[in-house]
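Read the structure below first, then the notes.
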Amino acid sequence: AAEVEIVVTNHALLAIDALESFAVLPEHDAVVVDEAHELVDRVTGVATDELTAPMVQRAAGRARRIVDGTEDLTDAAAALEAALATLPEGRIVELPEQLATSVALVRDAARDVVSEIGRAKQADDGARKVAVAMVEAVHETAERVAAHSPYDVTWVSQDARRGSVLKVAPLSVNGLL
């Protein structure tokens, strides 16, 4: 792809290339967007992060295969679950105290677990990478929710399979693109 003159891709890959810190597509001078009326929704979807108690529990479980000391992350998952259980579905204009506290616990515990994994010796490199990726994703989303930026919108949705889902997305993707 780096040597061709034209690359055809989809909206999601274009959004990932624009939003992530690493290049997915080769350098380019122009972009032609087909079905451009759908681009904002696709980019918003890529830029939307989710946080659930089971997601935090899975990250803690994966990290537990590499290091001890994941109890705080497991406890933070329980606190997040309890906080989300008190919230109705819909937009969160101001973070309720219980939610803010639980998200901060998740953020801090995830950061500590990532540090522990970094110090772990004799861990399988593949397992380490998976654990770090899962825990870092939890950390980054919790950090984003905790920041409660005026440029983001945060809301709770109910999913039949996953229960309460805390979501955060940019209000506008113009600046991201």
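The values are calculated or read from the model by the stated rules, or taken from the named source; none is laboratory data. In this text, all values refer to a predicted model and were calculated from it rather than measured experimentally. Note that each Cβ is placed from the backbone with ideal geometry, even for glycine, and that neighbours are counted across all protein chains shown. These accessible areas exclude ligands, DNA and RNA; they are computed on the full protein's heavy atoms, side chains included. Shrake-Rupley method; radii C 1.70, N 1.55, O 1.52, S 1.80 Å.
Rounded, prolate or oblate: which fits segment 20-113 when a ≥ b ≥ c are the square roots of the eigenvalues of the alpha-carbon gyration tensor, with rounded for a/c under 1.5 and prolate only if a/b beats b/c? Since a/c reaches 1.5 but b/c is at least a/b, the shape of segment 20-113 is classed as oblate. The mean sequence distance of close C-alpha pairs (under 8 Å, at least 6 residues apart), as a share of the length of segment 38-177, puts its relative contact order at 35 percent.
Subtracting the Cα-Cα distance of Ala23 and Ala36 from 0.36 nm times their residue separation leaves 2.5 nm of extension gain. A DSSP coil position with no more than 15 other Cβ atoms inside 10 Å describes the following trypsin sites (Lys or Arg not before Pro) in segment 2-82: Arg65. Counting only GluC sites (Glu not before Pro) that DSSP places in a loop and that have at most 16 other Cβ atoms within 10 Å, the longest clean stretch of the chain runs over 95-177.
Rolling a 1.4 angstrom probe over the chain with all protein chains present gives an accessible area of which 50% lies on carbon and sulfur atoms. Axis of helix 97-119 versus longest Cα principal axis of the chain: the two differ by about 80°, to the nearest ten degrees.
For percent of Cα pairs over 29 Å apart, the value calculated from this model appears in (i) 21; (ii) 32; (iii) 48 under label (ii). Over all other residues within a Cβ to Cβ distance under 15 Å of Val153, the charged ones net out to -3, with Lys and Arg as +1 and Asp and Glu as -1. Entry note, the chain: the mean residue ellipticity at 222 nm calculated from DSSP H runs of n ≥ 4, each adding -39500 (n - 2.57), is -17000 deg cm²/dmol after division by the residues and rounding to the nearest 500.
Computed from phi, the 3J(HN,Hα) profile of segment 160-170 under the Karplus parametrisation 6.51, -1.76, 1.60 (θ = phi - 60°) reads 4, 8, 9, x, 6, 10, 8, 10, 9, 9, x Hz, with x in place of Gly and Pro. FRET efficiency for the pair Asp112 and Asn174, taken as 1/(1 + (r/R0)^6) with r the Cβ-Cβ distance and R0 = 30 Å, rounds to 0.25. Take the Cβ atoms of Gln158 and Thr74, set R0 to 22 Å, and the FRET efficiency comes out at 0.40.
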